[in-house]
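Enquirer: Here you go, one structure.
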Amino acid sequence: MKKIAALLGILTLTVSCRTTGTASSDITLKNIFKNKFYIGTAMSLPQIYGKDRKSVEIIRKQFSSIVAENCMKSMFLQPEENKFFFDDADAFVAFGEKNNMFIIGHTLIWHSQLPKWFFVDKDGKDVSPEVLKQRMKNHITTVVSRYKGRVKGWDVVNEAIMEDGSYRKSKFYEILGEDFIPLAFRYAHEADPDAELYYNDYNEWYPGKVAAVIKMVKDMKARGIRIDGVGMQAHVGLDTPSIEEYEKAISAYAQSGVKINITELDISALPSPWGTSANVSDKIAYDEKMNPYRNGLPADVQANWENRYQDFFRLFLKHKNSIRRVTLWGVTDSQSWKNDFPIKGRTDYPLLFDRRYNTKPVVGKIIRLTETK
Ligand code: 9MR
């Protein structure tokens, strides 16, 4: 019996390969999405330096685009004023070039993971608008120029708008007002006129946020300032947001004349009664009830989770003409930030490869979706 089942398996694979006209070893995410959008992953330091060898193998085989999960954040690139540290970012960019990938820089201006000196003078007081502009310009110009022509797109500003459409009351906003966003885009464009420039945020499907981001995009375009895309982070859960809500946002952004990047996709399988915020400073105390699947997902949750991934990819394929890139926020479940957010020490299953580096069955299901498009 077993032998027959194995034979049937081989036949099915051969047949499905024939229908796509592709050898089975070529059926990878990056090949299957080639003429649709880039498919990417975030990279951690052990991956960038080749220490996590099994992940690197997956990245080379499956992905056409990469973004640094952490090492290009300002606290790492410029820990002290004018003292830049580029070793990790250089290694990341070298990896991308060697493997012929579409390289994304994340992120130039973000209120979080920012070195402490950025907003204060030597007496610890807030700097003036002029000084802050100068510091932003120096940071952006130094970083973007270093990778000119090599990093193809930048998350210029990250997480500046709240779900209700108001501006986040960050120090950037307090000192410079809304103008800090167009200023950042100007500086980035001056440093590399060919680079694509994006505004990136989480929960970018809330109607208030959608409206505010579109207004910002239109204002910048009207002033002749380059903005190529919005990055929808897509840290989503099993129920929230609905596909309809998400589609409305994609359509609205597309109509405003920018491309959409799905920038940090992961689908949590864990309970999330607090919603889908990715505000890294949010913390909730550990509670055993909130960590129910330490030894694996029950079949019904697994099925929901797989359906959810397929629903999202179906949506991305439907809107492929507006979507430039879909990037997963990591390779394997063990790498995922979701295991520690907003509760530390849970076991989540948000990514496409499991803790043993196995390709999850959902990957084949996602690939099959492309056969009818
Ligand atoms: O995944 C990242 C995690 O390793 C870091 O500790 C955290 C703080 O720097 O940032 C995570 O990535 C965030 C991204 O840079 C911006 N959007 C939300 C992501 C998840 O928190």
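Enquirer: Would you kindly state how much longer the chain becomes between S242 and E178 on full extension, computed as 0.36 nm times their sequence separation minus their alpha carbon distance, in nm to one decimal?
Expert: Here the answer is 20.0 nm.
Enquirer: Can you work out the PRE-style zone for Q113? Point 7 Å along Cα to Cβ, and I want the residues of segment 56-89 with backbone N under 13 Å.
Expert: Under 13 Å, as judged by backbone N against the label point of Q113, lie 67-78, 89 of segment 56-89.
Enquirer: OK, next. Using the structure shown, list the pairs from K116/K283; K61/K320; K209/K338; K98/K221 with a Cα-Cα distance above 25 Å, or answer none.
Expert: Beyond 25 Å between Cα atoms: K98/K221.
Enquirer: Turning to a different aspect of this structure: Provide the FRET efficiency to the nearest 0.05 for the S251-F85 pair, computing r from the beta carbons and using R0 = 51 Å.
Expert: The value I calculate is 0.80.
Enquirer: In the chain, if every C-alpha pair distance is counted and binned at 20 Å from zero, what percent goes to each bin?
Expert: Distribution as computed: 28, 58, 13, 1 percent.
Enquirer: Where does the charge balance sit around A234 when Lys and Arg score +1, Asp and Glu -1, over other residues with C-beta under 11 Å from its C-beta?
Expert: Result for the neighbourhood of A234: -4.
Enquirer: Rounded to whole Hz and in sequence order, give me ³J(HN,Hα) for segment 53-64 from the Karplus expression 6.51 cos²θ - 1.76 cosθ + 1.60, θ = phi - 60°, writing x for Gly and Pro.
Expert: Working through the residues one at a time gives 4, 5, 5, 4, 4, 5, 4, 4, 6, 9, 10, 10 Hz.
Enquirer: Multiplying the sequence separation of E190 and K344 by 0.36 nm and subtracting their Cα-Cα distance, what value in nm do you get?
Expert: Values: separation 154, 0.36 × 154 = 55.44 nm, distance 4.10 nm.
Between E190 and K344, full extension yields an extra 51.3 nm.
Enquirer: With r defined as the distance between the Cβ atoms of E57 and D123 and R0 fixed at 35 Å, what FRET efficiency is calculated, to the nearest 0.05? Mind showing how you got there, number by number?
Expert: On the way: r = 52 Å, r/R0 = 1.48.
Taking R0 as 35 Å, the efficiency between E57 and D123 is 0.10.
Enquirer: Would segment 63-207 count as rounded, prolate or oblate if I go by the C-alpha gyration tensor, calling it rounded below 1.5 in a/c and otherwise prolate when a/b exceeds b/c, oblate otherwise?
Expert: Oblate, since a/c reaches 1.5 and b/c is not below a/b.
Enquirer: May I pose another question? Given 37 °C and 0.692 mPa s, how large is the Stokes-Einstein diffusion coefficient of segment 40-145 in µm²/s, with Rh as the Kirkwood radius over Cα pairs?
Expert: Details: Rh = 14.9 Å.
Approximately 220 µm²/s, per Stokes-Einstein.
Enquirer: Let me ask another. When the Karplus curve 6.51 cos²θ - 1.76 cosθ + 1.60 is applied with θ = phi - 60°, which whole-Hz ³J(HN,Hα) does each residue of segment 179-188 get, with x for Gly and Pro?
Expert: So the Karplus estimates, Gly and Pro as x, are 5, 5, 6, x, 4, 4, 5, 4, 4, 5 Hz.
Enquirer: Roughly what % of DSSP beta bridges within segment 74-185 run antiparallel, to the nearest 5?
Expert: Working: 3 of 8 bridges.
Among the beta bridges of segment 74-185, antiparallel pairing accounts for roughly 40 percent.
Enquirer: Taking amide hydrogens as modeled 1.01 Å from N in the peptide plane, which residues meet the under 5 Å criterion relative to L197, leaving out close sequence neighbours?
Expert: Result for L197 returns W154, D228, G229.
Enquirer: Something else: Evaluate the relative contact order of segment 200-244 (contact order divided by residue number), counting alpha-carbon pairs under 8 angstrom at least 6 apart; express in whole percent. Walk me through the numbers on the way to the answer.
Expert: Values: 25 pairs, mean separation 25.2, N = 45.
Averaging sequence separation for qualifying contacts and normalising by length gives 56 percent for segment 200-244.
Enquirer: Please identify, among S64, S242, S74, the residue showing maximal mean-square fluctuation in a Gaussian network model of the chain using a 10 angstrom Cα cutoff.
Expert: S242
Enquirer: Would you list F76, F84, F313 from fewest to most Cβ contacts within 10 Å?
Expert: Details: F76 19, F84 16, F313 22.
Ranked by crowding around the Cβ, least crowded first: F84, F76, F313.
Enquirer: Sort out for me the Cα centre separation of segment 297-346 from segment 219-252, rounded to whole Å.
Expert: Taking the Cα centre of segment 219-252 as reference, the centre of segment 297-346 is 17 Å away.
Enquirer: If the elastic network links every pair of Cα atoms under 10 Å, which of A254, A191, A303 fluctuates the most in the Gaussian network model of the chain?
Expert: Comparing A254, A191, A303 in a Gaussian network model of the chain, the most mobile one is A303.
Enquirer: Can you list residues whose amide H is under 5 Å from F102's amide H, if they're 5+ apart or on another chain and H is modeled 1.01 Å from N?
Expert: S65, I66
Enquirer: What is the antiparallel percent of DSSP beta bridges lying wholly in the chain, to the nearest 5?
Expert: Percentage antiparallel, nearest 5: 10.
Enquirer: Here's something else I'd like to know. Give me S170, S251, S272, S25 ranked fewest to most by other Cβ atoms within 10 Å of their Cβ, as a rough exposure proxy.
Expert: Details: S170 18, S251 14, S272 21, S25 9.
Going from least to most buried by this count: S25, S251, S170, S272.
Enquirer: In whole Hz, with x marking every Gly and Pro, tabulate ³J(HN,Hα) for segment 103-109 from phi via Karplus 6.51 cos²θ - 1.76 cosθ + 1.60, θ = phi - 60°.
Expert: 9, 10, x, 9, 9, 7, 10
Enquirer: Further question: Run down the aspartates and glutamates and flag those whose C-alpha is under 15 Å from the C-alpha of K36, throwing out any fewer than 8 positions away in its chain.
Expert: E371
Enquirer: Using a cut-off of 12 Å between beta-carbons, work out the net charge of the residues near K283 (Lys and Arg +1, Asp and Glu -1, K283 not included).
Expert: -1
Enquirer: Please list, short to long, the whole-number percent of alpha-carbon pairs of segment 186-314 in consecutive 5 angstrom bins beginning at zero.
Expert: 2, 9, 17, 19, 16, 13, 10, 7, 4, 3, 1
Enquirer: Report the full-extension gain for the segment K289 to N307: residue separation times 0.36 nm, less the Cα-Cα distance, to one decimal in nm.
Expert: In short, 4.1 nm is gained.
A short reminder: the numbers here are calculations on the coordinates, not readings from a lab. It should be emphasised that the depicted structure is a prediction, and the values quoted were computed from it without experimental measurement. When we count neighbours, we look across all protein chains shown, and the Cβ atoms used for this are built from the backbone with ideal geometry, even at glycine.
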